[in-house]
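Below: one structure, written as structure tokens.
What follows is calculated from the coordinates using simple rules that are stated; it is not laboratory data. Predicted, not measured: the structure shown is a model, and the values here were computed from it. All Cβ positions, glycine included, derive from the backbone under ideal geometry; neighbour counts span all protein chains shown.
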Amino acid sequence: MASLPASAPLTVTELNRRSRQLLENQFGLVWVVGEISRATLAASGHWYFVLKDEGAAIDCAMFKGRAQYLDFRPENGLKVEVRARVTVYEPRGAYQLAVEQMRHAGLGALFEAFEKLKARLGAEGLFDEARKKPLPAHARAIGIVTSPAAAALRDILATLAKRAPMVPVILYPTPVQGEGASAQVARAIETANARRECDVLIVARGGGSLEDLWAFNEEVVARAIAASSIPVVSGVGHETDFTIADFVADLRAATPTAAAAAASPDREALLLQLERARARLARAARRVVDDATQRLDLAARRLLTPAERLARGRERVAALARRLALQARQAVDLREARLRGLAPRLRAASPDVEHVLRDLARLARRLAAAAARAQRDRRSRLAAVTASLSHLDPSQVLSRGYAIARAADGSVVRSGASLSRGDALDLTFAEGGAAVTVDAPR
């Protein structure tokens, strides 16, 4: 930033703006740890608070667009880590932090462990879509791995009771939070696979903080899900929560309720499909019966007694006989008519020799006259062309006293202005020629 001369004072606005730009460019986004105090939620949805430690404090603002993603409420005395921009509120010249993210203090190590495990398992191919198993369309039994006391279990059971009350549900109880929970979740998944009692397995728990959900970020749970021969639906936390179990599972559901819906057939939809199939079957059956009845009626109309068949045969023979006699008479009449018509045609076809000879003589005279006229015309055109050519003959012009002058290079000289004294010319006359030298060009 270019500095101003000492004689040009800064306005307060310009000073605050430069201070803000300097701080934002210097620090960028940084993580800061401290304790919340004087936390206030404004009517606009923005959070304002002070972040402090033993030696200092700084004002903070977390605007509504970022605050809506928090999974806990900022409270006084809570120790947190914030990811923020160091800035200045220009109207008051107040130095503050504009908070982008907030988490409980100490979660940085958990996030780091989460990302490392996610990267390692992803490199092994545990998240690949190719290894994920499809869910059965109509499960014979549905298994649930969760805590019997979890609210998520009640949501899942309520959803299954509404969608698929005819499908048995098997619970594989396990703690879903606290020390040792991950190992017990993994054992419950292995137990379900060993017993082979269900066709699909829901691994679920309700929402919570990162620490609350950490059992589902452990490698032992991820390995158990990956090794499961039963398709696994992960329904851990809320829609914005993601765990390692979500990435390894054959299907990730946003909530436990959504997991239950994904794993179960919809009874109402199945009943509707069944009703439509029943209606189609009834229509098809009616068509078959109607077609068979119509074919039977047609066959009955074609079915005749022997007497009727004999009478119809006699009628056909009589009709054929009448047609044969009629065709025979028509053939004879046709031949007689053709013979009667041939006589005048034969008479008309005999040639009149005298008339033909007269025509030939007349045509010969006309041909001779035409040949004579054509010969006269050609002679007249030849004479005209000969006369035209004689007018264009240079020798005829030379015979009247003219001559053709050519320069030394053979070109015809058309103007005296192109000549110089001493130029050699070749003259051509009607008879012979001469070589001359220009004495005085004009």
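Computed about the Cα centre, the dipole magnitude for the stretch 393-442 is approximately 200 debye when only Lys and Arg (+1) and Asp and Glu (-1) carry charge, each at its Cβ. Every pair of different Cα atoms in the stretch 393-442 enters the Kirkwood calculation, which places the hydrodynamic radius at 11.4 Å. Here the stretch 66-85 is scanned for amide nitrogen atoms under 12 Å from the site 7 Å beyond the Cα of ALA57 along Cα-to-Cβ, giving 77. Database remark: amide H of ALA39 closer than 5 angstrom to the amide H of VAL50, ASN76 (H placed geometrically; neighbours at sequence offset of 5 or more, or on other chains; Pro and chain starts carry no H). Considering only VAL169, ALA151, PHE127, whose Cα is most displaced toward the positive end of the charge dipole of the chain, charges sitting on Cβ of Lys, Arg (+1) and Asp, Glu (-1)? Of the candidates, VAL169 comes out farthest on the positive side.
Each residue, ARG195 and LEU171, gets one label point 7 Å from its Cα in the Cβ direction; the gap between the two is 1.2 nm. Taken one residue at a time, the phi angles of the stretch 154-162 give Karplus couplings (6.51, -1.76, 1.60, θ = phi - 60°) of 5, 5, 5, 5, 5, 5, 5, 5, 7 Hz. Gly and Pro are set to x.
3J(HN,Hα) couplings calculated from phi for the stretch 318-328 with the Karplus curve 6.51 cos²θ - 1.76 cosθ + 1.60 (θ = phi - 60°) are, in sequence order, 5, 5, 5, 5, 4, 5, 5, 5, 4, 5, 5 Hz; Gly and Pro show x. Against the chain, whose longest principal axis comes from its Cα atoms, helix 353-392 is set at around 80 degrees. Around the Cα centre of the stretch 147-283, unit charges on the Cβ atoms of Lys, Arg, Asp and Glu (plus for the first two, minus for the last two) sum to a dipole of about 920 debye. In percent, rounded to a whole number, the relative contact order of the chain is 9, using alpha-carbon pairs under 8 Å and six or more apart.
Roughly how many Å is it from the Cα centre of the stretch 364-391 to that of the stretch 128-144, as a whole number? So the two Cα centres are separated by 109 Å. As a proxy for reagent exposure, ranking PHE27, PHE216 by other Cβ atoms within 10 Å from fewest up yields PHE27, PHE216. This model, with +1 at the C-beta of Lys and Arg and -1 at the C-beta of Asp and Glu, gives the chain a dipole about its Cα centre of some 5080 debye.
Applied to the stretch 194-211, the Karplus parametrisation 6.51 cos²θ - 1.76 cosθ + 1.60 on θ = phi - 60° returns per-residue 3J(HN,Hα) values of 5, 7, 6, 8, 10, 9, 8, 10, 9, 10, 8, 6, x, x, x, 6, 4, 5 Hz, with x for Gly and Pro.
Taking 17 Å as the straight-line reach from the Cα of LYS52, the lysines in range (excluding those fewer than 8 positions away in the same chain) are LYS79. Contact order for the stretch 393-442, expressed relative to its length and based on alpha carbon pairs under 8 Å spaced 6+ residues apart, stands at 36 percent. Please report, to two decimal places, log10 I(q)/I(0) for the stretch 93-218 at q = 0.13 Å⁻¹ as given by the Debye formula with identical point scatterers on the Cα atoms and no solvent. The Debye formula, applied to the Cα set alone, gives -0.69.
For the stretch 10-122, the relative contact order comes to 27 percent (Cα pairs under 8 Å, sequence separation of at least 6). For the pair the stretch 27-82 / the stretch 265-316, the C-alpha centres are spaced 80 Å from each other.
Among beta bridges identified by DSSP and lying wholly in the chain, the antiparallel ones come to about 65 percent.
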